[in-house]
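Trainee: Below is a structure I'd like to ask you about.
No lab work stands behind these numbers, since they all come straight from the coordinates. Because the structure is predicted, anything quoted here is derived from the model rather than measured. Heads up, the Cβs are rebuilt from the backbone with ideal geometry, glycines too, and the neighbour counts pull from every protein chain shown.
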Amino acid sequence: MRIDIISAVPALLDSPFNDSILKRAQNKGIVEVNIHNLRDYSSNNQKSIDDYAFGGGAGMVLSIEPIYKCITSLKEKNNYSEIIFMTPDGEKLSQKISNQLSLSSNLIVLCGHYKGIDERVREHLITKEISIGDYVLSGGELAAAVLCDSIIRLIPGVLNDETSALSDSFQDNLLAPPVYTRPAKYKDWEVPKILTSGNLKEIENWRHEKSIEKTKTLRPDLLK
Ligand code: 6GU
C-alpha cells in the first residue's frame, strides 16, 4: 500500500511515521508513506496556500489550486482507492472503517488547516471525509497520523504476531481482557492465579469472560 499525505504543516507528521511499528512497516516495504508539503505546489512567489474567504469572515481558507495540483500529479502516477479529507465534520473513525481501508491499494490523505478549505476541493476531489471524534483539533495532521496508524497496523506482516491485531479491542465489539507480566507477585499485588496455571483452555475462557465483563462495565453500548 502507498499512502500520500498532503499537509500545510508536514513537520507535524515527522515523528509518528519515523518510529516503532509505522517505521518498521515502511522498512519492511509493506507500506510506503509519502508526505507532501502543500507549499511546494503553490504557484505564486510568496508560496502562499491560503486566502481570505469570499464574503468576508474571520480566518484564512486553504486555496484550491495547490491542492488540485498536488492531487492531480499523484493521480497521474498512481491509482487510489480513496482520497480522504480529515475534517471534524466527516464520518467518525471506527475499527470497521480502518479494517476496510486497510484493504485498499493506495490512499491520499488531505489534512485541513486554518479556518477551512475551499469547498470545491470537497465537491470535486475528495471521495471520503473522516473525523477522529467530536472535538476540534487545530489541523488534520494529528488526526491523519491516528487514521494511518490504525490502518497500517492491520496490514498483514506489519505486526510480528499476526493474531495480535485480531485480538485488539473493538475487533469483535469487545474490549481486550487485562494482561499481566512478571513478577507474579509485586508487593501485595498478585496476578490472577489462572494465568500462571498453564491451563491454556481455562486461560482462554477466563480472557473471554473478562472481555465481556469489562465491555459490560465500561462500554455497554458495544454489546447492543
Ligand atoms: Cl480529522 N480534523 C480536525 N481539525 N479536528 C478534528 C478531526 C479532524 N477529527 C476530530 N477533530
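Trainee: Would you please name the chymotrypsin sites (Phe, Trp or Tyr not before Pro) within segment 122-224 that are DSSP coil residues with at most 11 other C-beta atoms within 10 Å of their C-beta?
Mentor: Y135
Trainee: Separate question: Apply the a/c threshold of 1.5 to the C-alpha gyration tensor of segment 2-152 and tell me whether it is rounded, prolate or oblate.
Mentor: prolate
Trainee: Now for a different question. At K28 and K185, where each label point lies 7 Å from the Cα along Cα→Cβ, what is the point-to-point distance in nanometres?
Mentor: With each label point 7 Å from Cα toward Cβ, the separation is 4.0 nm.
Trainee: If R₀ is 25 angstrom, what is the calculated FRET efficiency for the pair E213 and K128, using the beta carbon separation as r and rounding to 0.05?
Mentor: Approximately 0.10, to the nearest 0.05.
Trainee: Using a Förster radius of 22 Å, what is the FRET efficiency between N173 and L103 based on their Cβ-Cβ separation? Nearest 0.05, please.
Mentor: 0.65
Trainee: Find out how many positive minus negative residues lie around R2, taking Lys and Arg as positive, Asp and Glu as negative, among other residues whose Cβ is under 11 Å from that of R2.
Mentor: So the environment of R2 carries a net charge of -1.
Trainee: What is the dipole size for segment 92-210, taken about its Cα centre, with +1 at each Lys and Arg Cβ and -1 at each Asp and Glu Cβ, in debye to the nearest 20?
Mentor: For segment 92-210, the charge dipole is close to 220 debye.
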